[in-house]
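The next block holds one structure in the form of structure tokens; read it before the comments.
The values are calculated or read from the model by the stated rules, or taken from the named source; none is laboratory data. Small disclaimer: the values here were computed from a predicted structure and weren't measured. Note: ideal-geometry Cβ built from the backbone for every residue, glycine included; neighbour counts use all protein chains shown.
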Amino acid sequence: MARRFLFVLGSSRRGGNTELLARRAAEQLPGDVEQRWIHLAEHPLPDFEDRRHADGVSDGDGPLPEHENITLLRDAALAATDLVIASPLYWYSVSAQTKRYLDHWAAWLRIPGVDFRATMAGRTLWGVTALATEAEVAEPLIGTLNNTAAYMGMRFGGVLLGIGDKPGEVLSDTDALARAKTFFAGEAPLARFPGRD
């Protein structure tokens, strides 16, 4: 299967440090690899509503409300072989837009005939983030993405971290730019929950 990358940008603004770093990494992909970039701020999702066990609905089997941005983002994920979550580090984890996007995955798991989890299994989840301080504080963000991949049976390519606070500052992080050159190379291992064999 030809590789198709979906870059899900979780920043509230265009051209931020996280996006700049993601684009540097994407520049290294072969020319025949399809790339699709979606800014969550330009395709806002409604608040996620957990409908499990509500109003007599058994395990969420009732009809789910549709929304054009939900459909667009779900279909884009299903079409991708590689999904890149590019979210700035906000309060030690992913941005609110990114968290809302991942929350909607819970609903997509329960749509009859979509087989979201089975379709995503074996595909690769990657992360890119920029932060203003030491990389250690990004552990909750890395854990969120790793555990998401593990639950879905996906491969996890890790998270490309860059230091950058002011606009464009990540482009001065020579270590991050060097890692970006090979970040998407090779095959990522299947994700595992920490502490489990």
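Would you confirm, using the coordinates I've provided, whether S93 is in contact with a Lys or Arg (Cβ under 9 Å, 6 or more places away or on another chain) and farther than 26 Å from E34 by Cβ?
Yes.
Considering only residues of segment 177-197 that are surrounded by fewer than 13 Cβ atoms within 10 Å (Cβ to Cβ) and closer than 17 Å to R3 by Cα, which is modelled with the lowest pLDDT?
Looking at the filtered set, the residue picked out is G186.
Exactly one condition in (1) over 13 Å from the mean Cα position of the chain (by Cα); (2) surrounded by fewer than 18 Cβ atoms within 10 Å (Cβ to Cβ); (3) aliphatic (A, V, I, L, M) is not met by A96; state its number.
It is condition (1) that A96 fails.
Could you grab me the full set of residues in segment 151-171 that are hydrophobic (A, V, I, L, M, F, W, C) and either at pLDDT below 95 or closer than 25 Å to P30 by Cβ (or both)?
Matches in segment 151-171: M154, F156, V159, L160, L161, V170, L171.
Considering only residues that are without any contact (Cβ under 8 Å) to a residue 60 or more places away in the chain and not in a loop (DSSP other than H, G, I, E, B), look in segment 80-98 and name the one that is farthest from A25 (Cα to Cα).
If we take residues in segment 80-98 being without any contact (Cβ under 8 Å) to a residue 60 or more places away in the chain and not in a loop (DSSP other than H, G, I, E, B), then A96 is farthest from A25 (Cα to Cα).
For segment 99-133, give me each residue that is in contact with a Gly (Cβ under 6 Å, 6 or more places away or on another chain), buried (at least 19 other Cβ atoms within 10 Å of the Cβ) and either without any contact (Cβ under 8 Å) to a residue 12 or more places away in the chain or not aliphatic (A, V, I, L, M) (or both).
T124, W126
So which of T148, T174 ends up being among the hydroxyl-bearing types (S, T, Y), under 19 Å from the mean Cα position of the chain (by Cα) and at pLDDT 95 or above?
T148
Among the residues of segment 132-166, what is the count of those that are of a type in the set (D, E, K, R), under 11 Å from L89 (Cα atoms) and assigned to a strand (DSSP E or B)?
Selection size over segment 132-166: 0.
Residue-wise test of (1) over 28 Å from L20 (Cα atoms); (2) of a type outside the set (A, V, I, L, M); (3) modelled with pLDDT of 95 or more.
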residue	(1), (2), (3)
I38	no, no, yes
E42	no, yes, yes
P46	no, yes, no
A54	yes, no, no
D59	yes, yes, no
L73	no, no, yes
Q97	no, yes, yes
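From the list A106, A96, pick out the single residue that is closer than 25 Å to P189 by Cα and out of contact with any helix residue (DSSP H, G or I) (no Cβ under 8 Å at 6 or more places or on another chain).
A106
Which of the residues spanning segment 11-29 are in a helix (DSSP H, G or I) and among the small types (G, A, S)?
Result: A22, A25, A26.
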